[in-house]
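Single-structure report; data block below.
The values are calculated or read from the model by the stated rules, or taken from the named source; none is laboratory data. For clarity, every value in this text was computed on a predicted model and none was experimentally measured. Ideal geometry is used to build each Cβ from the backbone, glycine not excepted, and the neighbour counts take in all protein chains shown.
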Amino acid sequence: MEAVVRTGGKQYFVQKGDLIETELTQDEIGSEIVFDDVLLLSDSKSMVSDPKVLKSAKVKAKVVSHIKGKKIKVFKFRRRQNSKTLNGHRQKYQVVEIISINK
């Protein structure tokens, strides 16, 4: 069974056993979380995308670890103004393992 869930402003296509990187939340490593915002459910025979039916659908997951993403450089340059700025940013993520998908 597969599902599309929304978390952290992004959508993820997940199956049981998948590892995904989501936005960092206050959940601790090893804790179990539930994604209530399911947008699509499908199995080998059917596909469900009706919001009324999907209100009861839940995807359970477990937080595996917290990681940092790749460092990016933000460089702003204003020509002929003798002005430039260099900043770095490194986003924090949590790795989540999908445990089960329930209708």
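In the stretch 15-28, of all residues being within 14 Å of I101 (Cβ to Cβ) and not basic (K, R), the one that is surrounded by the most Cβ atoms within 10 Å (Cβ to Cβ) corresponds to I20. Among the residues making up the stretch 32-74, those that are exposed (fewer than 10 other Cβ atoms within 10 Å of the Cβ) and either touching a Pro at 6+ places or on another chain (Cβ under 9 Å) or in contact (Cβ under 8 Å) with a residue 12 or more places away in the chain (or both) are K70, K71, K73, V74. For the stretch 29-41, the criterion of being over 19 Å from the mean Cα position of the chain (by Cα) and under 14 Å from N102 (Cβ atoms) is met by no residue. Taking the stated definitions as given, is F77 within 28 Å of Q91 (Cα to Cα), more than 19 Å from the chain's Cα centre (by Cα) and modelled with pLDDT of 95 or more? Judged against the criteria, F77 is a match.
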